[in-house]
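Single-structure report; data block below.
Nothing in this text is a laboratory measurement; each read-out follows from the coordinates by a stated rule. Everything numeric here is computed off the predicted structure, so don't read it as measured data. Here Cβ is always computed from backbone atoms with ideal geometry, including for glycine, and neighbour counts include all displayed protein chains.
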């Protein structure tokens, strides 16, 4: 009977310790995202899309984030003359539709001041780009450094303004990108 009591006590202790490691609060974000990228050496592309993230708090001011986004637009590329190419007295270029997806994870530090919750984050993961018109697709390491501000509307609902410097390395070159997002936050 003593062994049974000991085993039950140890299991209860380990269950309590394990439960202490599970995030008990956090938030879910979904919103519009504007993304400017320099995928081409000719110019920058402004794309539009969405961003979604989920954050689980480990301690009141530190959480871990899983962040996903997709952006869609078009970009001008240098290329050989084809029927799609425009060469008005300069280098030949063509326009291609671009779709980029980023999958990022990392820590976020935040604190609350009345209705405001500023935060800073460092996210790391992968990015995937698809370009039509024969350019192809590529996957690379991606990083995002930035932060934002949540404004509490009512107890579980807030509005987020966020900006991130993002770096990708598609097609063997480094891209320095800017992502600006806004949308609704649901806290739990």
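Peptides 60-68, 119-127, ordered by how many other C-beta atoms sit within 10 Å of their residues on average, highest first, read 119-127, 60-68. For the range 23-187, the spread of Cα positions along the three principal axes, ordered from largest to smallest, is 58, 27, 18 Å. Once you put a point 7 Å from the Cα of residue 149 and another 7 Å from the Cα of residue 103, both along the Cβ direction, what distance in nm separates them? Using points 7 Å along Cα→Cβ, the separation is 3.4 nm. Between residue 176 and residue 58, the contour length at 0.36 nm per residue exceeds the Cα-Cα span by 39.4 nm.
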